[in-house]
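See below for the structure under consideration.
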Amino acid sequence: DTSLAEVNSFCPSMPISPSSMINQYKFEDGPELRDLFITVDDPESHITAIETFITYRVVTKTSRGEFDSSEYEVRRRYQDFLWLKNRLEEAHPTLIIPPLPEKFIMKGMVERFSDEFIETRRKALHKFLNRIGDHPTLTFNEDFKIFLTAQAWELSSRKKQGPGLLSRMGQTVRAVASSVRGAVKNRPGMFTEMNDYMETFSQKINLLDKIAHRIYKEEKDYFNEMKEYGPIHTLWSASEEDIADSLKGIASCIDRCCKATEKRMAGLSENLLPILHEYVLYSEILMGVLKRRDQIQGELDSKVDALANKKTEKDLFLEEIGKLEDKVERANNALKADWDRWKQNMQCDMRSTFTTVADNNLRFYEECLATWESFLASQTADLHVEEDCEDRP
Amino acid sequence: RAVESQSEGQCAPVDSLWRRYSEFELLRNYLSVTYPHIVVPPLPEKRADFVWHKLSADNMDPDFVERRRIGLENFLLRVASHPVLCQDKIFYSFLTQEGGWKEMVNETGFQLKADSRLKALNATFRVKNPDKRFTELKHYSDELQSVISHLLRVRARVADRLYGVYKVHGNYGRVFSEWSAIEKEMGDGLQSAGHHMDVYAASIDDILEEEEHYADQLKEYLFYAEALRAVCRKHELMQYDLEMAAQDLTSKKQQCEELATGTVRTFSLKGMTSKLFGQETPEQREAKIKVLEEQIQEGEEQLKSKNLEGRDFVKSAWADIERFKEQKNHDLKEALISYAVMQISMCKKGIQVWTNAKECFSKM
């Protein structure tokens with residue numbers, strides 16, 4: 001079975017037509033057929049008088065009617081992705097917008113433009129766009145389409161159109177204020193449950209993120225010590241005759257286990273660490289979504305409260321309240337649906353990620369086991385040969 | 001049985017253990033002095049060395065005490081199975097006689113026979129023609145000591161790191177358990193996976209405990225290197241002694257010849273003074289020659305016996321060294337095999353735990 005997470009990693013180097021791709025990615029359990037394929041690759045650095053930045057190539061292949069062409073190739077920089085994320089948040093305040101990789105990484109002490117950093121970011125950006133593409137609502141967002149298809153100058157002009165920074169800040173301030181003001185009191189139980197869940201989930205996912213990093217560090221330290229361990233046996237074998245082979249055998253076993261440890265570490269950093277990091281970001285996003293829902297509800301509640309004190313213009317108010325009630329209902333439904341979808345995906349991601357972790361560990365131990373068992377076999381075979389020689393007259 | 005009865009004494013209260021250890025030391029010193037041509041088995045370490053962080057460097061730590069007890073028992077077994085040493089009376093009474101053993105050892109006066117360290121060092125530097133095999137053996141024992149101590153140091157660091165890897169996985173258990181409380185479908189899988197992570201984290205304790213025994217086996221041969229060097233030193237000392245005696249004899253013969261013929265070939269203070277203050281009388285000269293001739297005779301006899309002693313020493317020492325080499329190769333090969341067996345067991349345990357964990361994860 002194909003999980004949504006797996007399908008997102010798509011290799012762009014194959015020249016495939018959209019229709020053949022549709023056949024490839026047909027889901028068994030759902031009638032969904034993908035008609036949008038996005039890849040993010042080929043980071044390039046650009047140096048201008050003012051700054052240095054990286055652009056990524058975004059390739060889109062689609063069979064959708066609303067797209068003029070079936071294939072697009074554009075270059076985008078991080079700023080553009082950030083713009084897209086903000087636009088989606090504005091348009092759909094109670095939908096769960098996928099996480100964007102952070103602007104800076106402080107703790108890793110990774111250089112801003114190191115290969116490792118760029119590759120990690122590229123993978124995350126690739127996931128970001130594909131998650132939007134998979135989202136039943138967000139995939140049809142106009143700004144998303146423009147992001148995927150527009151030339152550089154078209155995108156710039158579109159960017160200038162949107163509401164400015166100030167209005168966005170105003171929105172955030174209002175959201176914080178209203179959540180403090182106690183929009184909580186009229187909050188439907190379902191959303192209180194969600195809030196409680198998210199608080200605990202956020203705590204636990206942050207802990208897991210720390211634990212996973214700690215494990216990586218410990219494995220790395222172990223690997224570094226192991227590198228020295230094997231060669232000592234080789235050194236020793238130089239002074240010995242009878243046991244030289246056994247010592248060399250041990251040295252080679254240790255070296256092989258060392259390499260296997262390196263693979264295990266790589267598996268961790270390619271698989272578990274990015275996923276946990278994404279869900280740390282997701283937990284912040286979800287808390288934000290819940291706050292924004294509270295804020296929308298808060299608008300309604302304050303209008304309703306104000307109505308009670310109104311003597312005149314009651315009809316006008318009632319009309320406004322009606323509109324706000326619709327707004328709240330739409331927001332709640334959108335969130336509820338998206339929440340269920342998010343939980344499904346989260347479960348899927350966690351299951352597949354941790355299963356992979358277990359697989360990596362199994363592969364590690366199986367490789368080490370085979371190494372040591374073949375050494376042991378060679379040693380006991382020698383012993384039998386020696387015994388035979390002694391028995392012969 | 002006699003061996004066991006002595007070892008039982010080790011379970012006595014702590015301060016009597018120290019007394020016992022010192023008696024072991026006394027026994028070993030006695031054997032080293034009395035049988036200098038034998039590679040005498042070493043004692044286990046007095047203080048905990050090459051420890052990694054979890055093990056305490058505390059000498060009173062029960063695990064350390066137990067491992068030292070095993071080491072002492074092993075020492076006695078080595079001595080008891082040695083064709084020459086096992087027949088020693090002092091060794092026998094160490095095993096059988098409760099009181100007065102110390103006095104008995106001291107009465108043998110073995111301390112007087114011991115070579116001074118300074119004398120031995122001097123011989124090592126000045127000896128001209130030691131047996132090549134002993135020179136090679138000395139190099140070998142230096143290399144062995146250096147490589148084994150390096151190995152043990154790195155092994156301790158590796159053990160430390162491995163401990164860290166396993167123990168951190170234990171944190172998964174706690175967090176999974178707390179997380180499972182808020183999940184409906186994922187809850188069971190998480191909870192049981194967490195349990196397996198706890199099992200994984202706990203498994204390292206036994207694994208590393210077993211490895212300590214392996215480390216102890218290597219340590220024995222680390223200390224054996226010193227015993228090898230002691231035999232080499234004894235040879236160098238004897239050889240140096242021999243060379244000095246031969247040199248002394250040669251110079252006396254020369255003196256004698258000079259006195260007899262009246263020619264002075266070599267510079268001597270006597271020669272100078274006699275030149276300055278006049279020659280000796282013939283009677284004086286005769287007397288001197290007689291003394292020298294006596295000394296020369298004695299010297300030749302001594303040289304003969306020293307030569308014989310030296311050859312005997314080389315012969316019997318080399319026989320024991322060959323015996324030792326075979327024992328070493330056998331023991332170390334076994335130890336390396338047991339190390340592989342331990343690694344295999346660790347891998348199998350890992351496979352079991354992660355297979356179980358994988359099943360739980362796939363049910364999430």
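The values are calculated or read from the model by the stated rules, or taken from the named source; none is laboratory data. Bear in mind that the values here come from a model prediction, so they are computed numbers and not experimental data. Backbone-built Cβ (ideal geometry, glycine too); neighbour counts: all protein chains shown. Please note that ligands, DNA and RNA were not included when accessible areas were found on the heavy atoms of the full protein model with its side chains. Shrake-Rupley method; radii C 1.70, N 1.55, O 1.52, S 1.80 Å.
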Exercise. Quick one: how many Å² of A:Asp340 are accessible to a 1.4 Å probe, rounded to 10?
Worked result: 70
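Once you keep just the Cα pairs under 8 angstrom separated by 6 or more residues, what percentage relative contact order results for segment A:34-155? Intermediate results must be reported in sequence, preceding the final value.
Numbers: 149 pairs, mean separation 33.1, N = 122.
Result for segment A:34-155 is 27 percent.
Provide the buried accessible surface between chains B and A in square angstrom, both chains summed, 1.4 Å probe, rounded to the nearest 100. Spell out each step's value before the answer.
Values: alone 21950 and 23150 Å², together 39710 Å².
Approximately 5400 Å² gets buried when B meets A.
Over the whole of A:362-371, what's the average partner chain Cβ count within 10 Å per residue? Rounded to a whole number, please. List each step's numbers first, then the result.
Values: counts 8, 2, 4, 10, 5, 1, 6, 8, 2, 4.
For peptide A:362-371, the averaged partner shielding equals 5.
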Exercise. With Rg and the Kirkwood Rh both taken from Cα atoms, where does Rg over Rh land for chain B?
Worked result: 1.22
Problem set entry | Net charge, A:Ala331 excluded, C-beta distance under 9 Å - Lys, Arg +1, Asp, Glu -1 | +3
Seminar exercise, completed: Between the residues B:Asn74, B:Gly109, B:Phe50, the Cα farthest towards the positive end of the dipole of segment B:17-110, that dipole coming from +1 and -1 charges on the beta-carbon of Lys, Arg, Asp and Glu, is from B:Phe50
Seminar exercise, completed: Once the in-chain neighbours fewer than 8 apart are removed, the aspartates and glutamates whose Cα is under 16 Å from A:Lys127 read A:Glu6, A:Asp41, A:Asp42, A:Asp80, A:Glu102, A:Glu119, A:Glu270, A:Glu278, A:Asp349
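Suppose every Lys and Arg Cβ carries +1 and every Asp and Glu Cβ carries -1, with no other charges. What dipole size does chain B come out with about its Cα centre, to the nearest 20 debye? Walk me through the numbers on the way to the answer.
Numbers: 52 positive and 58 negative charges, 212 e Å.
I would put it at about 1020 debye.
Using the structure shown, list the pairs from B:Lys113/B:Lys253; A:Lys210/A:Lys259; B:Lys113/B:Lys325; A:Lys103/A:Lys210; B:Lys167/B:Lys219; A:Lys263/B:Lys167 with a Cα-Cα distance above 23 Å, or answer none.
B:Lys113/B:Lys253; A:Lys210/A:Lys259; B:Lys113/B:Lys325; B:Lys167/B:Lys219
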For this session: Treating cross-link reach as a plain straight distance, find the aspartates and glutamates whose alpha-carbon is under 13 Å from the alpha-carbon of B:Lys348, omitting any fewer than eight places away in the same chain.
Result: A:Glu366, A:Glu367, A:Glu373
For this session: Using Cα pairs closer than 8 Å and at least 6 residues apart in sequence, work out the relative contact order for segment A:182-392, in percent.
Result: 29
Exercise. Past the 26 Å Cα-Cα mark, which pairs from B:Lys132/B:Lys304; A:Lys311/A:Lys336; A:Lys248/B:Lys138; A:Lys227/B:Lys46; A:Lys248/B:Lys315?
Worked result: A:Lys311/A:Lys336; A:Lys227/B:Lys46; A:Lys248/B:Lys315
Seminar exercise, completed: At the level of C-alpha centres, the distance separating segment B:129-173 and segment B:94-119, in angstrom, is 34
Problem set entry | Cross-link reach list, lysines versus A:Lys160, counting only Cα pairs under 20 Å and skipping chain neighbours closer than eight places | A:Lys85, A:Lys145
Problem set entry | Estimated distance in nm for a label pair at B:Thr250 and B:Ala114, the labels positioned 7 Å out from Cα along Cα-to-Cβ | 3.5
Problem set entry | Interface residues, segment B:147-162 - accessible area loss of 10 Å² or more versus chain alone, probe 1.4 Å | B:Val147, B:Ile148, B:His150, B:Leu151, B:Val154, B:Arg155, B:Arg157, B:Val158, B:Arg161, B:Leu162
